[in-house]
Amino acid sequence: MQHELSQNHKLEHSQFNSGDLFSEDIIVNDQIIDILSFEESGNMLQALEDLEVATLTRADADLEAYRMQICKEVIALMMKNMVLSHSLFPHVEKRMSSVFKKQFLAVEKEIQEEYERKVVALTAECNLEARKKMEAQHQKARNANEEAEELMKKIIEKPAVEFRSLLDRLHRLEQDHLKRFLLVKQEEYFAKAYRQLAVTQRKELHNIFFTQIRNATFKGELKLEAAKALVEDYSKIQGDIEELMDFLQASKKYHLNRRFAYREYLISKIQLRDSQASALINAAATQISSLINKMERAGHLPGSHLGVLLDRAETEINSVKQKFDHDLKQEKQKLRQKLITKRRREMLQKKEHWKEQLSLGDPFKTAKEVTHYLSCWKNLLSGHAIEFEELTEKLDNEASEELKELLFSLTEKTVEELKRVQYGVFVQELVKLSVPKMFLLETVEEHKKEMVVKHEQFEREEQETSTAAEELLQLTRQKLSQELETSLMEQKKFRSWEQSVFMQLLSLPLSLSEEELLRMRKELHCCFSQVDSSLAWSKIRARALLQTFEMDRRDTELLKVDQNSAVTNKQQHSKMNKTGSRNRSKIDILKKSLQDKIFIYEESVKDENLKKVKYELQLEKERQEHNLENNLGEYIAALAFQKTVKKVKMLELYTAVTNAQALLFEQLSTSKTLSKLECIQILEAHNPEIEELDRKLEYEMLQKESAQQQQQQQHLMGRQRWTTDGLGLSSEAVETSADRQLTVLLRQAMNKCRQLINHHQQSLRDEQWNCAVLEDLLENIEMDAFLALYSQELRLAGYLAKLTRVPMEVLHRILNLLLPSSSQSEVLSVLDSIRKYSDGVVESDSNADESGSCKKRKNQELWQALENKVGEDLINRNLEKMPSLNRRKDSLIKKKQLAVFEKAAFIHLGCSPTHPPMEQSDPPVPLSTAAAEAIELLDTGEKVFLFRELSDPILSSHSYPRKKKKNFLNSKKAARTSMDL
């Protein structure tokens, strides 16, 4: 089973991107001949479902190949159009196209290699899982067989044979269902891996495009406006490609479902023909034994000859039936080769015809506009899909008709052979046994009439069944047409949801640079390029869910059967005394249990499980949508958070530097190095630089805002001009007849309306894009001004450090206190900047002479006091920010202290119950550390120490009499009283 599974998978996905322009896997398509020819009637629909999955999987591979080919050629066409519009130099276009091609090939090769690795790993994993589960199933069957053998030794033969037959049938069903479950699970594993790699390949394609655009812009090969226009075109074209692929997928699914529906119709006809052929052969065979029995009942045949003739008749009939089966198999094998050869020849001829049409006038080579190029793809693939499905339906129908002719021909031969056996062998034999010839001829004539009636009955039945099947086929095709329209509408709504999500993102109060907006666009494409309706995945996932739900249902019902059987067996065992009766009763109970289990396995799929599958698939789709939205939201939030963190970090550094300036000013004032007036003069000298930065910032921001307003006015004028010019209708309506003018006018108005909406949406996107970019530019201007101001403050801090001659290690410690959340590298960077502006600062006081030791000691005390003050201020500020935490901490401390005093009072009262707990009549005794017990308050980290006298043996041993425990409540009251006092 696993070997066949791997082979089928290789047929479906021999390569990751294996589709060509006219790809349709002929080997997979040929499997319908095997199903129609050799599959048993009961397994035909299941085999057709497996073929359906293989065909859908292959179709997904072809569509993925189309997608990649279209995307690559569209990018090349866009680059050529950029050269024609003089937005890109030819040599740059040539270089970028070469890079695109190389990177696309590298990605395809990498994806192919990764896919091959996944196939090998998944095949090994699935084989191991299948081996373990099948071995467990075989072991379970062996154990059941051993128990059955022991039981059958104690009972008579006939019930034992029936029981063993039921047990073998149950084991076959269990193994078949397990194999089916493993098959579907492996399909799901492979389909999921393929889907993940397909999405990865699409993302890599977007990454390559945006990376090359970013690199070309950075190198100056592509102007910013041209890059923006190129990205805008790329986004629009990607939307068109997704719309095209949605149409192709929906169309492909529609045609394939039509194919599968027609094949189900053919299978129903073949199953009817098989049953009719078997019924005709059995009827002709039954007439032989009926003839013999009738002669015996009429008294014309001695009883001694009856058994011999019936045995001979059975032998002759079996021989004819075996010959029929052998001839049918041989003829079907010959017909299979003939049908496959014909099928492949006609399909290849059709594909060659398509290629010849393309070679006469290749629309892809002549297409200059991307829209025309995509339209060519749509027309080409749609037309070819229709032609191919018509050809496939014709070939399937021809194969069915040829199989019908073969079956009826061999059936007629077999019936004639049975008639020959009846007339030429047994009639003659009965005549020899003195049976009246006239009576025999009358019976033979009756048999002929019965066969004629049987033929007429089968013809009417076939006609009625065929009519009903054709009506069902027509209803199914109408339903598929409606589903096609519905799926296209749903996918359009989904794509409009994509645009609304993008518009909502742009409408957020964001400040994003051009590069960040490009990355956001790329992330948007990467997210929404994976929301297409995969053909095979939904079918495979539905099969896997259905198998899981059905297995759970079966397990639950089988458990109930085992429980009921055990209860019944126990009740019967208590009622019967004889061993033989118990064994017969047990075998009857087990037979009933086996029959119930067989019924559970053979039971059809429950409707409630089908509904659960549909509901679960809908939930998974909704979860996918929410996850995509969340991923985009997380990406935008991460961008905004990074900007905010950068601003906060810069503000923290600025605040630390200004705080350091204040400390240095305080030190200069305290040490009498500078007077208050001199300090004010230093600050006033610093003010003009700040004012100049402020004026420059205001001027640049006004310039940017005015430029943005002019750009918005140009956009508004362009929109109004397009609206005025674009609403004019063509002269087509004037040239048409009066009865068609209204229709033409309405069609043109609808088209213009759609164009107007698209244009307004594009204009709104441009405005929101420009607003986000302007906001980022203004923030960058502010940040540049802030950095310049920060640099001025560093210069002032360096000057003050030079005046105060503060040691660098002291300043380092102060900066550590002022920047508690910053890393050491950031603190050292600030320290180095201050050092750069403070030449002559003392690195260490170790070289001071003895005459300045007093001054040195005084400065050290001042710096130490200043450092302590900074630390205390930091602690106080943090405590002020956490009043609730302080209250909680105080409450916890009080509770812990109360518990400790209660414990201390309890210990003391346990030794001296006649004295108050806090009274001391004797002089204190010196205590050692060994007599102290430390109780740590875990919530606060504080400790309370209890001291005891070592001379007290009871205290030292921690042994407290039980009878003194009654004073514990009193001790708690005393402890509370002492605390209140």
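Considering the stretch 64-98 alone, what residues qualify as being within 28 Å of the chain's Cα centre (by Cα) and among the basic types (Lys, Arg)?
Matches in the stretch 64-98: 67, 72.
Could you grab the pairs with beta carbons closer than 8 Å, sequence gap of 6+ or different chains, first residue in the stretch 158-174 and farther than 14 Å from residue 600 by Cβ, second one of a type in the set (Val, Ile, Thr) and open to solvent by less than 70 Å² (accessible area, probe 1.4 Å)?
159/587; 160/587; 163/587
Among the residues in the stretch 88-95, are any modelled with pLDDT under 85 and either open to solvent by less than 50 Å² (accessible area, probe 1.4 Å) or in a helix (DSSP H, G or I) (or both)?
Yes, that holds for at least one residue.
Report whether or not residue 429 is open to solvent by 60 Å² or more (accessible area, probe 1.4 Å) and either within 17 Å of residue 321 (Cα to Cα) or part of a helix (DSSP H, G or I) (or both).
The answer is no for residue 429.
Using the structure shown, decide if residue 300 is of a type outside the set (Ser, Thr, Tyr), open to solvent by less than 90 Å² (accessible area, probe 1.4 Å), touching a helix residue (DSSP H, G or I) at 6+ places or on another chain (Cβ under 7 Å) and modelled with pLDDT under 85. Please lay out each step first, then the result.
Values: of a type outside the set (Ser, Thr, Tyr): yes; open to solvent by less than 90 Å² (accessible area, probe 1.4 Å): yes; touching a helix residue (DSSP H, G or I) at 6+ places or on another chain (Cβ under 7 Å): yes; modelled with pLDDT under 85: yes.
So residue 300 fits the description; yes.
Select from the stretch 656-681 the residues that are of a type in the set (Val, Ile, Thr), open to solvent by 60 Å² or more (accessible area, probe 1.4 Å) and not in a loop (DSSP other than H, G, I, E, B) and list them in ascending order.
670, 680
Of the conditions (1) assigned to a helix (DSSP H, G or I); (2) surrounded by fewer than 17 Cβ atoms within 10 Å (Cβ to Cβ), residue 418 satisfies every one except a single condition; which number is it?
Result: residue 418 fails condition (2) only.
Determine which single condition residue 604 fails, assuming it passes every other condition in (1) free of Cβ contacts under 8 Å to residues at least 12 places away in the same chain; (2) over 30 Å from residue 867 (Cβ atoms); (3) assigned to a helix (DSSP H, G or I).
If we test residue 604 against (1) free of Cβ contacts under 8 Å to residues at least 12 places away in the same chain; (2) over 30 Å from residue 867 (Cβ atoms); (3) assigned to a helix (DSSP H, G or I), just (3) comes out false.
Here is a check on your reading of the model: is residue 222 in contact with a helix residue (DSSP H, G or I) (Cβ under 6 Å, 6 or more places away or on another chain) and assigned to a helix (DSSP H, G or I)?
Values: in contact with a helix residue (DSSP H, G or I) (Cβ under 6 Å, 6 or more places away or on another chain): yes; assigned to a helix (DSSP H, G or I): no.
In short, no.
For a quick check of your reading of the model, give me the residue pairs whose first member lies in the stretch 793-815 and is touching a residue at least 60 places away in the same chain (Cβ under 8 Å) and on the phi > 0 side of the Ramachandran plot, whose second is among the hydroxyl-bearing types (Ser, Thr, Tyr) and open to solvent by 10 Å² or more (accessible area, probe 1.4 Å), with beta-carbon atoms closer than 6 Å and at least 6 apart or on different chains.
If the second residue must be among the hydroxyl-bearing types (Ser, Thr, Tyr) and open to solvent by 10 Å² or more (accessible area, probe 1.4 Å), no pairs are left.
Determine the pairs where a residue that is over 22 Å from residue 225 (Cα atoms) and of a type outside the set (Gly, Ala, Ser), located within the stretch 497-519, has a partner that is part of a loop (DSSP other than H, G, I, E, B) and open to solvent by less than 50 Å² (accessible area, probe 1.4 Å) with Cβ atoms under 9 Å apart, the partner being 6 or more residues away or on another chain.
Matching pairs, first to second residue: 498/531.
Output the number of residues of the stretch 481-503 satisfying the condition of being more than 30 Å from residue 216 (Cβ to Cβ) and within 27 Å of the chain's Cα centre (by Cα).
Adding up the residues that qualify gives 15.
Which condition number does residue 72 fail, the rest of (1) within 25 Å of residue 192 (Cβ to Cβ); (2) of a type outside the set (A, V, I, L, M); (3) surrounded by 15 or more Cβ atoms within 10 Å (Cβ to Cβ); (4) modelled with pLDDT of 85 or more being met?
(1)
Given the condition at pLDDT 85 or above, acidic (Asp, Glu), over 30 Å from residue 45 (Cβ atoms) and open to solvent by 40 Å² or more (accessible area, probe 1.4 Å), answer yes or no: does some residue in the stretch 591-609 qualify?
no
Here are some residues: 584, 554. Which one is modelled with pLDDT of 90 or more and surrounded by 13 or more Cβ atoms within 10 Å (Cβ to Cβ)?
554
Specify which of the listed residues (628, 617) is modelled with pLDDT of 90 or more, farther than 30 Å from residue 145 by Cβ and touching a helix residue (DSSP H, G or I) at 6+ places or on another chain (Cβ under 8 Å).
Among 628, 617, only 617 is modelled with pLDDT of 90 or more, farther than 30 Å from residue 145 by Cβ and touching a helix residue (DSSP H, G or I) at 6+ places or on another chain (Cβ under 8 Å).
Which members of the stretch 474-510 meet the condition of being at pLDDT below 80, farther than 20 Å from residue 236 by Cβ and open to solvent by 40 Å² or more (accessible area, probe 1.4 Å)?
508, 509 - these are the residues of the stretch 474-510 that are at pLDDT below 80, farther than 20 Å from residue 236 by Cβ and open to solvent by 40 Å² or more (accessible area, probe 1.4 Å).
Residues being of a type outside the set (Phe, Trp, Tyr), open to solvent by less than 80 Å² (accessible area, probe 1.4 Å) and either over 22 Å from residue 219 (Cβ atoms) or in contact (Cβ under 8 Å) with a residue 60 or more places away in the chain (or both): count how many of those fall in the stretch 96-112. Write out each step before concluding.
Kept after step one, since they are of a type outside the set (Phe, Trp, Tyr), are these residues of the stretch 96-112: 96-99, 101-103, 105-112.
If we keep only those that are open to solvent by less than 80 Å² (accessible area, probe 1.4 Å) as well, we get 96-99, 103, 106-108, 111-112.
From the residues that got through so far, the ones that are either over 22 Å from residue 219 (Cβ atoms) or in contact (Cβ under 8 Å) with a residue 60 or more places away in the chain (or both) too are 96, 99, 103, 107-108, 111-112.
Total satisfying the criteria: 7.
Does residue 842 satisfy the criteria of being open to solvent by less than 60 Å² (accessible area, probe 1.4 Å), in a loop (DSSP other than H, G, I, E, B) and either modelled with pLDDT under 85 or on the phi > 0 side of the Ramachandran plot (or both)?
In short, yes.
Quick one: what pairs do we get from the stretch 196-207, first residue under 10 Å from residue 104 (Cα atoms), second open to solvent by less than 10 Å² (accessible area, probe 1.4 Å) and not in a helix (DSSP H, G or I), C-beta under 9 Å, 6+ apart or different chains?
Sorted first by the residue in the stretch 196-207, then by its partner, the pairs are 201/16; 205/529.
Report, by residue number, each residue of the stretch 110-145 that is of a type in the set (A, V, I, L, M) and over 30 Å from residue 199 (Cβ atoms).
Correct list: 134, 136, 141, 144.
The values are calculated or read from the model by the stated rules, or taken from the named source; none is laboratory data. Bear in mind the structure is a predicted one, so any value in this text is a computation, not a measurement. Virtual Cβ from ideal backbone geometry, glycine too; neighbours counted across all protein chains shown. In case anyone asks, the SASA skips ligands and DNA or RNA and just uses the protein heavy atoms, side chains included. Shrake-Rupley method; radii C 1.70, N 1.55, O 1.52, S 1.80 Å.
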